[in-house]
1. Looking at the range 180-189, can you tell me whether even one residue there is closer than 14 Å to residue 238 by Cβ and touching a residue at least 40 places away in the same chain (Cβ under 8 Å)?
2. So which of 155, 167, 175 is on the phi < 0 side of the Ramachandran plot, aliphatic (A, V, I, L, M), modelled with pLDDT under 90 and crowded, with 20+ Cβ neighbours inside 10 Å?
3. Looking at the range 144-167, I want the residues that are under 11 Å from residue 213 (Cα atoms) and have a partner that is basic (Lys, Arg) and crowded, with 17+ Cβ neighbours inside 10 Å with Cβ atoms under 7 Å, at least 6 apart or on another chain. Which pairs are those?
4. From 161, 103, grab the single residue that is within 30 Å of residue 198 (Cβ to Cβ), among the hydrophobic types (A, V, I, L, M, F, W, C) and out of contact with any Pro (no Cβ under 9 Å at 6 or more places or on another chain).
5. Does residue 194 qualify as being more than 18 Å from residue 21 (Cβ to Cβ), at pLDDT below 85, aliphatic (A, V, I, L, M) and surrounded by 16 or more Cβ atoms within 10 Å (Cβ to Cβ)?
6. Give just the number: which of (1) under 16 Å from residue 16 (Cβ atoms); (2) assigned to a helix (DSSP H, G or I); (3) touching a helix residue (DSSP H, G or I) at 6+ places or on another chain (Cβ under 6 Å) does residue 240 not satisfy?
7. What pairs come out if I take residues in the range 40-66 that are over 15 Å from residue 232 (Cβ atoms) and at pLDDT 90 or above and pair them with residues that are of a type in the set (Lys, Arg) and surrounded by 23 or more Cβ atoms within 10 Å (Cβ to Cβ) whose C-beta lies under 7 Å away, six or more apart or interchain?
8. Out of the residues in the range 206-244 meeting the condition of being acidic (Asp, Glu) and surrounded by fewer than 16 Cβ atoms within 10 Å (Cβ to Cβ), tell me which one is nearest to residue 143 (Cα to Cα).
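The values are calculated or read from the model by the stated rules, or taken from the named source; none is laboratory data. Please read all numbers here as calculations on a predicted model, not as lab measurements. Glycine also receives a Cβ, built like all others from the backbone with ideal geometry; neighbour counts cover every protein chain displayed.
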Amino acid sequence: MVSTKHHIHKKKPKRILLKLSWEALMGQQNYWIDVKFLSELAKKIVYLSKYKWIELVIVIWWWNIFRWVQWAAKWLDRASADYMGMLATVMNWIALWDAIEKLGQEVRIMSAIDIPKVAEPFIRRRALKHLKKWRVVICVAWTGNPYFTTDSAAVLRALELNCDYMVKGTKVDWVYDKDPIKFKDAKKFDVINVDEALKRWLRVMDQSAIALAKDEKLPIFVCKIEDIDKIWSKKINGTLVTTE
């Protein structure tokens, strides 16, 4: 259970950005999409929107489809590999979009790259209107630019859309000082300041993204993907990365 020093429980947020890692769609598989896990994830998202009355923006990482991008980078230039990654996020989110809408929740996919057959262009004012109407907004194709990660895109969208918090759903339930899978003595953090996270080079997100969050005072909460429906309850484990 999280410590009472988590101010994250003192005030329920109106709007959050969920940044989900590629495991969100892989579940227990090593590739592609786990349909059962996808369905459970969609239920949790709908629960937050319909029953917790939280306006949701979602961004996802993409490696479950193109996990070989590091190998591909040996014969592709970085920009080409990044554009492939942007398109992969669109494929991921069409799957989640369908799963969420089957549960009766309206969704809008908004892309940083023009793909009019499957997504609206990302326009800030339009995205804000969708959120006001309790539609889940899924942002795809990163920022639309190579050399920027999904971490950077997530922080950027969270700031553009006036989110109270960014919540990063991962495979582990805390931020640790080292890989808890490899090291049994790994220390977990309940609360950590963003400056300390940068100093320690903790893998909260890439350095440019976390620096932007620091500059704009965007708090980040890291938890296990399976626990996102417990956000802002005292039953959730997780690490609050503060800018204070």
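1. Yes, that holds for at least one residue.
2. It is 175.
3. Correct list of pairs: 154/19; 166/19.
4. 161
5. yes
6. (2)
7. Within 7 Å, the pairs are 57/157; 59/19; 59/157.
8. Of everything passing the filter in the range 206-244, 206 is nearest to residue 143 (Cα to Cα).
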